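Structure record follows, encoded as structure tokens.
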Amino acid sequence: ESDGGNNAAVVDPSVAASYSEELRRWFSDWFRSFATDLCAFFGLTFESPGMPIVIACGFVTLCCGIVGAVTIYLVQTVSRFFAYRVVADLRSELAHHFLSLPLRFFGRQRMGDMISKVTNDTQVMQRSFEMAADNVVVDPLMILGNVAIIAFYFPQALLVVAVMVPLMAIPMYRQGRKVQKRSTSSLRALGETTESLNQILTGIRTVKAYQLEDECKSKFDETTVTFLARTKRVLRAKGRSIAQSFIGYQVATAVILVLLGHTVLTTDLTFAVVAVIIAPLATNYQHVKRVTRAYNVMRESAGALSGIETILGAQADQTMVGGESVEGIRGDVEVRDVHFAYADKDVLRGISLRAQAGQTIALVGESGGGKSTMMDLLMRFHDPVRGSILLDGKDLRTIKLSDYRRQTAVVSQEPFLFNATLRENIACGKPEASQADIESAARAANIHEFIISQPGGYDASAGERGGNLSGGQMQRVTIARAILRDPAILFLDEATSALDSESEEAVQRALDTLRKGRTSFVIAHRLSTIVDADQILVLVEGRVVESGTHDDLIAQAGVYKRMIEKQMRTDAT
């Protein structure tokens, strides 16, 4: 109808009520016709006492089945994929966060624990998401639907439900807290087991060389027994939770059955109504049990999440944030009164040095003197506690780290190769390098002939942690990697220590060529390799006790000369 002054239409309430009544009448007639034909098919009479209720319940059950089938399909596809996606994103976030953490973080952590966080803990969370997708949505709805049916025909049951639900929920909550706490302990034990296995696999050469098989077996078995003991406590808490829920449900069911029996004996309640009440009452426990199990798994995942949050809560490496961009660097480096400490232990005490572009600075001294720590500071794996390091006159902390690292290369005492081809290992610091450049770097490192002799040549696999190569071959591949990078600043940490005499001479010539025109910092074990260094610093207990050229230090007849003489006696024997 038009309201005259406005264009808006006004619906007459009587017309809406008429439409609603017609719709209700149409559905009632359709359902009566459908039910009559269905009863006739089975030889039954629709007008029999209680039959309309039975038919109505069957129809509702059919509709619930259709809705349930659609819901299950959605749960098994959309919801489960969502669960996998969440866990995959979490693992990715963990991996990314690991890469953003400072080196000192990894010094305080065990490799097995970190691997366990990424694999085992996230697996527990995935199981929780799957359980939630399967049970947390569908089963509570089924429970509510069954309770609604029972309450509609037998309202007295609501009083029993109101009393029993808290009596079932409180024990389930208490046991759930125990599941979470004990799950955290169990996952920690699983991390210890993973760490024990990691130690065996990464140190297998040492294990076999020193006949440590029995000791490693004993330690691994010990961690496994601890894991099983803690897991058993988790399972006990889960079992008690389900058992208490079962007892509570059975008590509620018994009370309802007694009340229902009394009602049947004292009233004219029909068998059809009793059947409608008994059916959901008999099937409801399966839904209650699944909800209880899902709750326990979710509490278990909360324990796993706490361990993951510990990792994600660790502060990222602040050296990787911000800084001034630099296109190129000359390589002038100055260290001014640098101090550094690990926790409460002083490692470097007032180190100062100056390296002009193209010079070679050698760091020597006994083990523990601070050489490697000083190298880490120069590579900016750490920042000084006090003092500063200047690059081309600028504080290293003010320069964008990615720009600085792009113009440096390192060859360490312990070479590391990825489980990839030899070509990929050489080119990992310069992925755009051509095959000719890669081969040229390999020749300079005295490794080209070996590579082309292998099946597959440069496409041969280096193996896990370079397991397909000897120690010297691995070292020469890492030297080729540094040569290919063509850095402005070079860091050599015992770069030739793993080579035999012949290979050392060839590689040393390549390194001498590589160092020309580049600022180089060298940690040397074999002092004969640094006699031509522009400056040699002797570090003792974190302090520079001597500095100068090789000839200067020999003339001083101090610590450096004694080290030279000691090494000469060792080589002679």
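Where a number appears in this text, it was derived from the coordinates with a stated rule and is not lab data. Please read these numbers as outputs of a predicted model, since none were measured by experiment. Virtual Cβ from ideal backbone geometry, glycine too; neighbours counted across all protein chains shown.
Cross-link partners among lysines for K178, C-alpha distance below 17 Å, same-chain residues fewer than 8 apart left out?
Within reach: K232, K238.
Using 0.36 nm times the number of residues separating S306 and I452, minus their current alpha carbon distance, what extension gain do you get?
Length gained between S306 and I452: 47.5 nm.
7 Å from Cα along Cα→Cβ at both Y173 and E505: what's the point-to-point distance in nm?
In this crude spin-label approximation the distance works out to 8.1 nm.
Would you grab the residues whose amide H sits under 5 Å from the one on V410? Only those 5+ places off in sequence or on another chain, please, with H modelled 1.01 Å from N.
When sequence neighbours closer than 5 places are left aside, the close amide H contacts are F491.
List the aspartates and glutamates whose Cα lies under 13 Å from the Cα of K394, skipping any in the same chain that are fewer than 8 positions away.
Those aspartates and glutamates meeting the cut-off are E324, D332, E334.
Taking Cα centroids, how far is the range 415-491 from the range 524-553 in Å?
The range 415-491 and the range 524-553 have Cα centres separated by 30 Å.
Under a straight-distance cross-link criterion of Cα-Cα below 16 Å, which aspartates and glutamates are reachable from K345, leaving out those fewer than 8 residues away in the same chain?
K345 reaches D383, E541.
Please work out the FRET efficiency for the pair E327 and R465, using the Cβ-Cβ distance as r and a Förster radius of 41 Å; give the result to the nearest 0.05.
0.70
Can you tell me the relative contact order of the range 256-355? Whole percent, Cα pairs under 8 Å, sequence separation 6 or more.
13
With each pseudo-label sitting 7 Å past Cα toward Cβ, what's the D512-I242 distance in nm, one decimal?
7.5
What list of ³J(HN,Hα) values in whole Hz, one per residue of the range 297-303 in order, does the Karplus curve 6.51 cos²θ - 1.76 cosθ + 1.60 (θ = phi - 60°) give from phi, with Gly and Pro shown as x?
5, 5, 5, 5, 5, 5, x
Put a dot 7 Å past each Cα toward the Cβ at S440 and R25; how far apart are the dots in nm?
9.6
FRET efficiency for K217 and R85, Cβ-Cβ distance as r, R0 = 30 Å, nearest 0.05?
Once the sixth-power term is evaluated, E becomes 0.15.
Report, by chain and number, residues whose modeled amide H sits under 5 Å from the one on D383, excluding near sequence neighbours (fewer than 5 apart, same chain).
Those qualifying (amide H under 5 Å, at least 5 residues apart or on another chain) number zero.
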